[in-house]
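Worksheet: the structure to be examined is printed underneath.
The values are calculated or read from the model by the stated rules, or taken from the named source; none is laboratory data. For clarity, every value in this text was computed on a predicted model and none was experimentally measured. Counting neighbours? That spans all protein chains shown, and the Cβs are built from the backbone with ideal geometry, glycine included. Ligands, DNA and RNA are stripped out before the accessible areas are found, and what is left, the full protein with its side chains, is counted by its heavy atoms. Shrake-Rupley method; radii C 1.70, N 1.55, O 1.52, S 1.80 Å.
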Amino acid sequence: MRISILLAAHVHLDAFAAAVKLCPGTELAGIYDDDAHRGKKKAAEHSTIFYHDLGVALNECEAVIVCSENVKHDELVLAALEANKHVLCEKPLAVSTKSATIMAQKAIEQDVVLATAFPLRFNTPAVQMKKVIDQKQIGDVLAFHGKNPGQCPKGWFIDKNLSGGGALMDHIVHLADLMRWLTGAEVTRVFAEADSFLVPCITIDDVGHVQLEFENGIIADIDPSWSRPEGYPTWGGIDLRATGTEGAIDLKAYAQNIIQHNSTKTIHHNFGDFEYLHMMNAFVETIRKNPTELATAWDGVAATKIVEAAYLSAREHEVVEI
């Protein structure tokens, strides 16, 4: 299966490209980018073809991975779906629930796969956490406490016209989807606060706190802030505690790493399982109509709803019903 990458904007492009090359039966067909300098640079790094024309890039593949700026997701996804290509889209699926829903419905009309890139579903510690919860080793889940701190990614991430939002847009979705996946329950109420005061010279939200209530009564909170300074020993990370009626379980999703320091920077060498490869395998198997844990377009819609509700709550300082 030949897979093209549409735009080289996202920091996770390298992981996607590596996963395509390692996944049995897949081949990196090339990289399309509307920024020729950026696209050619990444195509050279990954020893593949650079496409300056979207139509050509789509003609040369059976599936695509969308790694663009957030606000360009809908136009690229819809173009790929219209060309009958299967799509794996970087999170968030869209910057609005309306756009995400249109994309999900279009995939149904075209009878092709549209998946949302939530690699935590393939993170080995998270998979083990799900087994513990499914087997009720901690009883019934009552609450989640989640943290997804990180360094400010800068670049287009802090330009609202390209990102659609700041830290809340960037970091709520991973833990929100993980909680939904672990429990099978949907979020019904959201309360959030957000502000901009951690990162100098930006006006987009860089700090926030989100509280969720699920349909089955589970409560949760998420810290999605860009609260790691540039010199901090780790770039970010994802922690999640699930508290149940008979115990609790703690997840540290990216604890398997070696941290190297020198006089100018910190380098992280992760040695855990390559979750992007597991996600790519699941994408291929889903296209083959085999059951997997891959997040669907509708999972992307659900996560977008939560983010949209969080921003509304932060503006109005009120609880928002979903």
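With all pairs of separate Cα atoms included, region 229-322 yields a Kirkwood hydrodynamic radius of 17.5 Å. Mind giving me the FRET efficiency for VAL127 and HIS12? R0 is 22 Å, r the Cβ-Cβ distance, nearest 0.05 is fine. My answer for the efficiency is 0.65. Placing dummy labels 7 Å off each Cα toward the beta-carbon, the span from ASP250 to ASN59 is 5.7 nm. Put a dot 7 Å past the Cα of GLU293, heading toward its Cβ, do the same for LEU22, and the two dots end up 1.7 nm apart.
From helices alone, the chain scores -11000 deg cm²/dmol at 222 nm; the rule is -39500 (n - 2.57) for each run of n ≥ 4 DSSP H residues, then divide by the residue total. Against the main long axis of the alpha-carbon atoms of the chain, helix 124-134 sits at an angle near 50°. Determine, at each q value in 0.09, 0.16 (inverse angstroms), the log₁₀ of I(q)/I(0) that the Debye formula gives when each Cα of the chain is one equal point scatterer. Result of the Debye calculation: -0.45, -1.50.
Note on LYS154/HIS52: beta-carbon distance plugged into 1/(1 + (r/R0)^6) with R0 of 35 Å gives a FRET efficiency of 0.85. Using bins of 5 Å that start at zero, the share of Cα-Cα pairs per bin across region 45-102 amounts to 4, 18, 29, 25, 15, 7, 2, 0, in whole %. For region 56-145, the solvent-accessible area works out to 37 Å² per residue, with a probe of 1.4 Å and every protein chain left in place. Once both labels are positioned 7 Å from their Cα atoms along Cα-to-Cβ, the gap between ILE322 and LYS136 label points is 2.6 nm. In region 79-155, Rg over Rh equals 1.09, where Rg is the alpha-carbon radius of gyration and Rh the Kirkwood radius from pairwise Cα distances.
Here, region 1-122 yields an orientationally averaged convex hull projection of 6.9 nm² when only Cα atoms define the hull. Centre-to-centre separation between the Cα atoms of region 103-164 and those of region 1-75: 22 Å. Could you tell me which of the pairs LYS41/LYS160; LYS21/LYS130; LYS98/LYS160; LYS85/LYS289 are separated by over 20 angstrom between their Cα atoms in the structure shown? Result: LYS41/LYS160; LYS21/LYS130 exceed 20 Å.
The calculated FRET efficiency for the pair ASN84 and ALA143, based on their C-beta separation and a Förster distance of 51 Å, comes to about 0.70. Each principal axis of the Cα cloud of region 15-83 was evaluated for its coordinate range; sorted largest first, these ranges are 28, 27, 22 Å. Karplus-based coupling profile of region 204-209, in residue order and whole Hz: 7, 4, 10, 9, x, 9, with θ = phi - 60° in 6.51 cos²θ - 1.76 cosθ + 1.60 and x standing for Gly or Pro.
Using θ = phi - 60° in the Karplus curve 6.51 cos²θ - 1.76 cosθ + 1.60, the 3J(HN,Hα) couplings for region 88-95 round to 10, 10, 4, 6, x, 3, 7, 8 Hz; x is entered for Gly and Pro. Length available on full extension from ILE102 to GLN211: 0.36 nm per residue minus the Cα-Cα distance, which gives 36.5 nm.
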